[in-house]
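Data first, discussion second: the structure below is written as C-alpha cells.
What follows draws every value from the coordinates through simple rules; no lab data is involved. Owing to the predicted nature of the structure, the values given are computational and were not obtained by experimental measurement. Here the Cβ is made from the backbone with ideal geometry for all residues, glycine too, and neighbour counts use every protein chain on show.
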Amino acid sequence: MSPNPAEACVEMIAVAYASGEDGKLTLSVNEVTLLRDHVGGMAGFVPPNLLLEGDNTVTVQFTGAGGAKAEVFKGCMGEFPKDPGENDNVLVSVALTAAGSKTVTFAQSGLPAYSYIAAEPADDAGLREAIAAFIDTARNRDVEGYLAYLDPMLHDFALDDPQAPEMLRETATYVIGGPFEVVDPGALTVAPVLGGRAYQVTDSAGKPPLQFTTPGDSGGPSDALSQAGIWMKTADGWKVLRH
C-alpha cells in the first residue's frame, strides 16, 4: 500500500529479486548474506541494512536453470516494491541468464553516523570466545549482560528512530526472561563483511549463532528465533552489530 500523498516520503533502499524455478538464489550486499539458497520461482525483495558511504556491492549467485535478476532501488516506506525491471529510481541492476555469480556496485551517500562506517578492518581474534560468552548471558537469563553486547546496534537504531532502543530492550526482557530456551548452534562459520569492518557468523544452515526454541504443540522443541548474525570489534571488545 502506498503512503498518503500528503505524507513525506521516508526513503528506503531495497533489493528486488527474481529467479528461475529450477534453482537456488543467494544474494548479498557488502558481503552480508541477505538470502541464502533461496528456492526460485517467486519474486521478492529484501532491505540491505548495512550500507556504506561511497561504493557498495551487490552479488547475485544462482545455481540451477533459468537464471536470476536483481535490482537495487530507492523507494518510500509503505510502498510495496515491484519485480525487478519495474521499479523506479533504480541504482543498479544485475542479471544472470544461467548458473553463476556476478557482482556490481552502486553508490550511496548521506548516511547517518552508523557505528560501523568509521570502523577499521580487523581480524577475527577473540570473536568465537565473545560469541560463546554472549550465548552464556542469554542462557543465564542475564538481560543486562545481553544488552551490553548490543551497544552498536542500539546506537545505530537510535539514529533512525529514537524509540528503537527502548523497544529492543523490551524485546530482550521478554526473550531472555521468557519461555525461550537457548540451544547449542553447533559448528560456526565466521566470514568478513563490510570490507573487514565486521563479521557474519552462521551455523551450518546459515542461521545466526544465538538460537532459541520454545516448546512445540506436541511438547517437543520448535524453531523460534535466532540472533547475533553480524559482529564488530569495538574499543570495548566484540559486540553485536545486527541480528
Taking the residues in the range 43-66 that are not aliphatic (A, V, I, L, M) and not in a strand (DSSP E or B) as candidates, determine which candidate is farthest from SER115 (Cα to Cα).
GLY66
For the range 173-203, which residues satisfy the criterion of being assigned to a loop (DSSP other than H, G, I, E, B) and within 23 Å of ASP123 (Cβ to Cβ)?
PRO185, ALA187, LEU188, ARG197, ASP203
Qualifying residue in the range 92-102 (condition: in contact (Cβ under 8 Å) with a residue 12 or more places away in the chain, part of a loop (DSSP other than H, G, I, E, B), out of contact with any strand residue (DSSP E or B) (no Cβ under 6 Å at 6 or more places or on another chain) and over 25 Å from GLY229 (Cα atoms)):
yes
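Results for (1) in contact (Cβ under 8 Å) with a residue 24 or more places away in the chain; (2) outside any strand (DSSP E or B); (3) over 30 Å from GLY67 (Cβ atoms), shown as yes or no for each residue.
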residue	(1), (2), (3)
THR105	yes, no, no
TYR114	yes, yes, yes
ALA118	no, yes, yes
ASP124	yes, yes, yes
ILE131	yes, yes, yes
PHE134	yes, yes, yes
Do we have any residue at all in the range 155-172 that's surrounded by fewer than 19 Cβ atoms within 10 Å (Cβ to Cβ) and among the hydroxyl-bearing types (Ser, Thr, Tyr)?
yes
VAL182 fails exactly one of (1) surrounded by 15 or more Cβ atoms within 10 Å (Cβ to Cβ); (2) within 17 Å of the chain's Cα centre (by Cα); (3) of a type in the set (Val, Ile, Thr), namely (2)
Restricted to the range 136-146 and to residues being of a type outside the set (Lys, Arg) and part of a helix (DSSP H, G or I), the residue surrounded by the most Cβ atoms within 10 Å (Cβ to Cβ) is TYR146
